[in-house]
Amino acid sequence: MTDLLARPARLYVNGVALWAPRLPGWQRAREILAGREAAPVEPAPRPAPELLPPTERRRAPDTVSVALEAALAACRSANLDPASLPCVFTSMHGDLSITDYMCATMASTPALVSPTKFHNSVHNAAAGYWTIAAGCTRPYTALSAGEHSFGAGLLETCVQALAGGENILLVAYDIDARGPLAPVARSKHLLAAAVIVSPQRGPTSIAQFDLQLNAGAGLVPSYARPRNAELIAGNSTESCLPFMESLALGGSHEIHCLATPTLGLAIKLQGL
Amino acid sequence: MLPLSITDFTATCAAGSGRADLLRALDSGSSGLRPNDFGREPLATFIGRVAGVEEAPLPAEFSAYECRNNRLAWLGLQRDGFLASVDAARQRYGAARVALVLGTSTSSIGATEEAYSRLTPAGEFPEDLRYQAVHTPHSTGEFLQRVLGLNNVAVTVATACSSSAKAFAQGSRLLDLGIADAVVVGGVDSLCGSVLFGFNSLALVSPEPCRPFDAARSGISIGEAAAFALLERDGAGSGPRFIGYGESSDAHHMSTPHPSGRGARLAMSEALARGGLESSAVDYINLHGTASLKNDEIEAQAVAEMFPTDTHASSTKGWTGHTLGAAGALEAVITLLSLESGLMPGNLNSRQLDAACGPQVRLDNGRGSVRVAMSNSFGFGGSNCALLFAAASAS
């Protein structure tokens, strides 16, 4: 195993958000993940992101809805203007519901494909809607790295934060698979996790962490508490949970999170 | 950013397979576009289709990744000795020190489309297409990571038509921070129903070979490509250098550019600022120039206002088609060929330039000393990226 950084990089978590049907928003998710409150038995309905115009809230694809909900909540928790932040969106699959629509339409009536569904089918749709709704002209990116998409996104967020010396918004999300694709793509529920990372400590910092990168075979990721893992099990972004759980618990944690099968983030986190 | 060496680069597209072939096509003005013959009910349009993809299966050990996009990636890697260059970098630095940043918009979605067209009577995917490896956007990234044997960052950037330009920016940051010693950056996109019928549904597909910046242009021609570059720290090679990038968001509309070209201007200005150069230093600009009505008008206006009259600017999509997620990397390679050869392409197929064009946009090929060149890529979702390159001897 090789350490890729000459010395660990110090970063701060200045904002946080989480949304899943049984973890509806960070205030409750923090209590649930820390074991202080029981998860709701009834799943919460899909969020309606208030940054979107009212007419678009219901029509928005699921990925856009859940990603924008988490993105806005993270900005609020950090007291930061959404228009001011470069952002990294990451998702293993993008919008599986639109993928199902596009592929079913290609197999049946390709000439009748909906132009709106087509432009919503791009992997950067959630990021595009976010920057449009927020009036943000800062750069965004949209990444995928298979089941390691959260780790790859967190790494790119840290890289951008270190390179630019500023706050970067990370939004990681996946939704449930639909139609004939479901047994193959195998993702369940809605889930979005967001954090704002910076090399500078700020008034809203909730944690600091030292990041090292390990490359090589035999890397083993951390696991979340089984009771917590069950709440989002099967979602393609579920690998966010150990990191998010450590933020909910506070205190000291050592978390290992994969960015590829042979590249790991080794994170020594301390709640503030 | 610290300037970087580009120690090798290659491209495979409809206009040419490998650098020499592509440069010859650019020089002689021979377009790779042909009447659409892709799929069961081909739309009446022209496409930039790479020949021979169907006859080039992947090696047996990678059969789980079989699909058009990964075949095209595999074909592209074989050209110009690029695969050997990556192998050499891996041996020099170690697998842990070589990263991969791949841009794509289609990735392997063509395989998922095929699975839907061949569902079993029970409504399931046919057995030969049940591998998750080809039904997810990171398919080609994962395939390339395995083929190249890399243990550093290996990630897919999917920001529509800016994807593989942004791969260069992302790769440069990994070198800047010392996370990697070499980065394979590239773009691979392949023809599929979704993009042909999808762009058609937005009334953006031309019935004739695309005519970028022509007053009578009628839309885009869709193409496919695989293009790669190997980035290393400055001084690692004697080739051209990557000296700046600019990234921005339009914050305007999902499929229409900002009317004043705000995001495009931001990206170009930021690339110049990062490279520490004035716009007068730029000899050639490879424009995004899709031949859609809006893009070309807005991009031409921005270039007319930002650059001196002797800058030579053109879109090369008349040769290659719009290769979407691969366009950033393909046109970066064309820009690098321009720096090496002094050939500055014109706008193939175009006959009379739009009134929005300043003197920068040229119909015909030109020749000269090209020391600094820019390449623009703008995508759906308002994602913009401009790359700045310099000849080996410049800056």
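The values are calculated or read from the model by the stated rules, or taken from the named source; none is laboratory data. Quantities reported herein were computed from a predicted structural model and do not represent experimental measurements. Cβ sites come from the backbone with ideal geometry, for glycine too, and all protein chains shown count toward neighbours.
Details
- A single entry from B:Gly186, B:Gly178, B:Gly193 fulfils the requirement of being touching a Cys at 6+ places or on another chain (Cβ under 9 Å) and farther than 24 Å from B:Gln360 by Cβ: B:Gly193.
- Hits in region B:90-110 - residues which are among the aliphatic types (A, V, I, L, M) and more than 12 Å from A:Thr99 (Cβ to Cβ): B:Ala95, B:Ala96, B:Val98, B:Ala99, B:Leu100, B:Val101, B:Leu102
- Total residues in region B:190-203, condition in contact (Cβ under 8 Å) with a residue 40 or more places away in the chain and either within 12 Å of another protein chain (Cβ to nearest Cβ) or over 17 Å from B:Gly223 (Cβ atoms) (or both): 8
- Some residue of region A:102-122 being outside any helix (DSSP H, G or I), touching a strand residue (DSSP E or B) at 6+ places or on another chain (Cβ under 8 Å), crowded, with 23+ Cβ neighbours inside 10 Å and not β-branched (Val, Ile, Thr): no
- For region B:220-243, the count of residues that are β-branched (Val, Ile, Thr) and away from chain A (no Cβ under 14 Å) is nonzero.
- Listed by position, the helices (runs of 4 or more DSSP H) enclosed by region A:164-261 that each have at least 1 residues that are within 14 Å of another protein chain (Cβ to nearest Cβ) are A:182-185.
- Enumeration of residues in region B:1-36 that are in a strand (DSSP E or B) and either closer than 27 Å to B:Asp87 by Cβ or touching a residue at least 40 places away in the same chain (Cβ under 8 Å) (or both): B:Leu4, B:Ser5, B:Ile6, B:Thr7, B:Asp8, B:Phe9, B:Thr10, B:Ala11, B:Thr12, B:Cys13, B:Gly16, B:Ser17
- Filter pass, A:Ala145 being modelled with pLDDT of 95 or more, surrounded by fewer than 24 Cβ atoms within 10 Å (Cβ to Cβ) and either at the interface with another protein chain (Cβ under 8 Å from one of its Cβ atoms) or on the phi > 0 side of the Ramachandran plot (or both): no
- B:Thr140 being closer than 21 Å to A:Val184 by Cα, polar (S, T, N, Q), without any contact (Cβ under 8 Å) to a residue 60 or more places away in the chain and touching a helix residue (DSSP H, G or I) at 6+ places or on another chain (Cβ under 8 Å): no
- The numbered conditions (1) under 19 Å from the mean Cα position of the chain (by Cα); (2) over 23 Å from A:Leu85 (Cα atoms) are all true for A:Thr141 except (2).
- Residue that is surrounded by the fewest Cβ atoms within 10 Å (Cβ to Cβ), among those in region B:170-188 that are at the interface with another protein chain (Cβ under 8 Å from one of its Cβ atoms) and of a type in the set (Gly, Ala, Ser): B:Gly178
- A:Thr90 vs. criteria of a type in the set (Ser, Thr, Tyr), under 21 Å from B:Val195 (Cα atoms) and more than 8 Å from chain B (Cβ to nearest Cβ): no
- Residues that are within 14 Å of chain B (Cβ to nearest Cβ) and either assigned to a helix (DSSP H, G or I) or touching a His at 6+ places or on another chain (Cβ under 9 Å) (or both), drawn from region A:262-272: A:Leu263, A:Gly264, A:Leu265, A:Ala266
- One residue alone among B:Val333, B:Val370 is within 21 Å of the chain's Cα centre (by Cα), in a loop (DSSP other than H, G, I, E, B), modelled with pLDDT of 95 or more and crowded, with 24+ Cβ neighbours inside 10 Å, and that residue is B:Val370.
The rows are residues; the columns are (1) closer than 19 Å to A:Leu269 by Cβ; (2) in a loop (DSSP other than H, G, I, E, B).
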residue: A:Arg10; (1), (2): yes, no
residue: A:Asn14; (1), (2): yes, no
residue: A:Ala17; (1), (2): yes, no
residue: A:Gln27; (1), (2): no, no
residue: A:Arg30; (1), (2): yes, no
residue: A:Gly35; (1), (2): yes, yes
residue: A:Ala38; (1), (2): no, yes
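- Of all residues making up region B:336-357, the number that are part of a loop (DSSP other than H, G, I, E, B) and out of contact with any Ser or Thr (no Cβ under 7 Å at 6 or more places or on another chain): 7
- The condition of being in contact with a His (Cβ under 6 Å, 6 or more places away or on another chain) and not hydrophobic (A, V, I, L, M, F, W, C) does not hold for B:Gly358.
- Residues in region B:37-57 that are in contact (Cβ under 8 Å) with a residue 60 or more places away in the chain, away from chain A (no Cβ under 14 Å), in a loop (DSSP other than H, G, I, E, B) and not charged (D, E, K, R): B:Val50, B:Val53.
Matching residues to (1) buried (at least 21 other Cβ atoms within 10 Å of the Cβ); (2) free of Cβ contacts under 8 Å to residues at least 24 places away in the same chain; (3) not charged (D, E, K, R):
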{"residue": "B:Asn70", "(1), (2), (3)": "yes, no, yes"}
{"residue": "B:Ala73", "(1), (2), (3)": "yes, no, yes"}
{"residue": "B:Gln78", "(1), (2), (3)": "no, yes, yes"}
{"residue": "B:Ala95", "(1), (2), (3)": "no, no, yes"}
{"residue": "B:Ala99", "(1), (2), (3)": "yes, no, yes"}
{"residue": "B:Ile109", "(1), (2), (3)": "yes, no, yes"}
{"residue": "B:Glu113", "(1), (2), (3)": "yes, no, no"}
{"residue": "B:Leu119", "(1), (2), (3)": "no, yes, yes"}
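Residues checked against (1) under 27 Å from A:Asn120 (Cβ atoms); (2) among the aliphatic types (A, V, I, L, M):
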{"residue": "B:Asp283", "(1), (2)": "no, no"}
{"residue": "B:His288", "(1), (2)": "yes, no"}
{"residue": "B:Val303", "(1), (2)": "no, yes"}
{"residue": "B:Leu363", "(1), (2)": "no, yes"}
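- Filter result for B:Val86 (touching a strand residue (DSSP E or B) at 6+ places or on another chain (Cβ under 9 Å) and either of a type in the set (Val, Ile, Thr) or modelled with pLDDT under 95 (or both)): yes
- Among the residues making up region A:93-113, those that are more than 7 Å from chain B (Cβ to nearest Cβ) and either without any contact (Cβ under 8 Å) to a residue 40 or more places away in the chain or over 23 Å from the mean Cα position of the chain (by Cα) (or both) are A:Ile98, A:Tyr101, A:Thr105, A:Ser108, A:Thr109, A:Leu112.
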